[in-house]
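The values are calculated or read from the model by the stated rules, or taken from the named source; none is laboratory data. Not measured: the values here are computed from a predicted model. Here the Cβ positions follow ideal geometry from the backbone for every residue, glycine too, while neighbour counts run over all protein chains shown. Side chains included, ligands, DNA and RNA excluded: accessible areas come from the protein's heavy atoms. Shrake-Rupley method; radii C 1.70, N 1.55, O 1.52, S 1.80 Å.
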Amino acid sequence: MKIICVGRNYADHIAELKNETPTDPVLFLKPDSALILKQHPFVIPEFSSEIHYEIELVVKINKVGKYIEPQFASKYYNEITVGIDFTARDLQQKLKDKGLPWEKAKAFDGSALVGNFLPVSDFDSLENLNFELRKNNQSVQVGNSALMLTKIDDLIAYISTFFTLKIGDLIFTGTPAGVGKVEENDVLEGYLENQKLFRLQIK
Ligand code: ZN
């Protein structure tokens, strides 16, 4: 199983990090060892003093595919949730400054959380989904899939031109504005259309 993440997919988040708007989707991968096991906390790693949360819509692949055409992409996943792409922002900035790959800042152990999955069929459309991250009971990020620069089906088509998608692969589809730092004892809760799909303790 692999995790494929999309960077810079919401204009408001691109602006807050002062990044350039990409002409093609920005992709990076996390290994399966990045996943936080159910009921486990997120433990702040010793190599960073600036761990950021990024809430994202996540879809789970249920069929093997390569060179998937956008109009058939929806046949390759049937579950969706919200998750967190944890990022060591201080380390990522150093790597970006040197033009180096981001893996150490993005793909470390515990850097990926996924909530409980819901069937895609629960929703009329995936192009108008509201999602939210609350930190210590305060809303810190709100997003809507309508604001994605590249929509889910187009992402799947694009991703599958580089990486064969396999059953169980997870696609993190990018974060909206409002990313910020976590501290010990914070509690993060993720919502999709007002359903709470995860609760995570920071240690
Ligand atoms: Zn992200």
Q | Of all residues in region 106-128 being of a type in the set (D, E, K, R) and open to solvent by 40 Å² or more (accessible area, probe 1.4 Å), the one that is farthest from the ligand (Cβ to nearest atom) | A | D124
(Q) Considering only residues that are touching a residue at least 40 places away in the same chain (Cβ under 8 Å), open to solvent by less than 50 Å² (accessible area, probe 1.4 Å) and more than 22 Å from T161 (Cβ to Cβ), which ones fall in region 18-34? (A) A34
Q | Breaking point among (1) surrounded by fewer than 18 Cβ atoms within 10 Å (Cβ to Cβ); (2) closer than 17 Å to E16 by Cβ, for E103 | A | (2)
Q. In the set V43, V26, which member is among the hydrophobic types (A, V, I, L, M, F, W, C) and away from the ligand (no atom under 16 Å from the Cβ)?
A. V43
Q. Which members of region 1-17 meet the condition of being within 12 Å of the ligand (Cβ to nearest atom) and surrounded by fewer than 20 Cβ atoms within 10 Å (Cβ to Cβ)?
A. R8, I14, L17
**Q.** Y67 more than 16 Å from the ligand (Cβ to nearest atom) and open to solvent by less than 50 Å² (accessible area, probe 1.4 Å)
**A.** no
Q. Before we move on, is E79 open to solvent by less than 20 Å² (accessible area, probe 1.4 Å) and not hydroxyl-bearing (S, T, Y)?
A. no
Q. Across region 36-55, what is the number of residues that are open to solvent by 50 Å² or more (accessible area, probe 1.4 Å) and among the hydrophobic types (A, V, I, L, M, F, W, C)?
A. 4
Q) Quick one: which strands (runs of 3 or more DSSP E) sit completely within region 132-203 and have at least 1 residues that are among the aromatic types (F, W, Y) and surrounded by 15 or more Cβ atoms within 10 Å (Cβ to Cβ)? A) 170-172, 187-192, 195-201
